[in-house]
Amino acid sequence: MRSSNKRSRNKNNRNRPNTVGNVVNRVFDSSGPEGKVRGTPQQIIDKYNQLARDAQLSNDRVNAENFQQHAEHYMRLLSEAQREQDARREQQEREQDARREQQERENRDRQAQRDADRPQRQDQDEPSQFSNDPADAPQPDVIDTNDDSNDSGLVETPEAKAEEKPKKPRAPRKPRKKPEPKAEEAQATPDAAE
């Protein structure tokens, strides 16, 4: 037994309109006088135009006209899809321009509000207490560090004292003596030579 849900789903799918991108890139199966032609609308147009030229060369006017009509059908489909695509693109560009203008207008309004909220300086020559310029802030006294005295004002720590102690120089190493050959080996060498 077949489910009725499957039929209703198929009916809904058949009633959906084709979108622009779907028509331009969609693969069609065209049943023409010479059999099926398969491809995108542009490929089908090219194929039917080629078949029409071949029919004209063989002096078959009826088939040539038939192929041209098939090509014209797909050309109309393609041109309508491209027209809709261009209209959508223009609409999107207009919407983007409108959003951009709205955003710029809001930014100008915000900037104007910020400028109005800032306190106005009455006297430009007199520095303000609340100036953001660090040069206007009070500066600390500078300590002269070019004294020739060694007193840096720092407290000496035990670690610093330990580092200051000079280390004793190491005594030079004595060279190693080469081991002398054993007596047995010395006697074996002359025997081997004989």
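The values are calculated or read from the model by the stated rules, or taken from the named source; none is laboratory data. Every value quoted in this text rests on a predicted model; they were computed, and no experiment measured them. All Cβ positions, even for glycine, are placed from backbone atoms using ideal geometry, and neighbour counts span all protein chains on display. Keep in mind that these areas ignore ligands, DNA and RNA; they rest on the heavy atoms of the full protein, side chains included. Shrake-Rupley method; radii C 1.70, N 1.55, O 1.52, S 1.80 Å.
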### Task
For Gln139, state whether it is open to solvent by 100 Å² or more (accessible area, probe 1.4 Å), farther than 30 Å from Asp54 by Cβ, at pLDDT below 90 and in contact with a helix residue (DSSP H, G or I) (Cβ under 9 Å, 6 or more places away or on another chain).
no
### Summary
Residue pairs within 6 Å by beta carbon, gap of at least six or interchain, first lying in the stretch 76-88 and under 11 Å from Val23 (Cβ atoms), second in a helix (DSSP H, G or I) and open to solvent by 50 Å² or more (accessible area, probe 1.4 Å), listed first then second, are none
## Note on the structure
The number of residues in the stretch 61-92 that are over 18 Å from Arg26 (Cβ atoms) and over 43 Å from the mean Cα position of the chain (by Cα) is 10
### Task
Quick one: in the stretch 7-58, of everything that is modelled with pLDDT under 85, more than 44 Å from the chain's Cα centre (by Cα) and in a helix (DSSP H, G or I), which residue is nearest to Arg89 (Cα to Cα)?
Ser8
#### Entry: Number of the exception - Ala87 against (1) assigned to a helix (DSSP H, G or I); (2) touching an Asp or Glu at 6+ places or on another chain (Cβ under 9 Å)
(2)
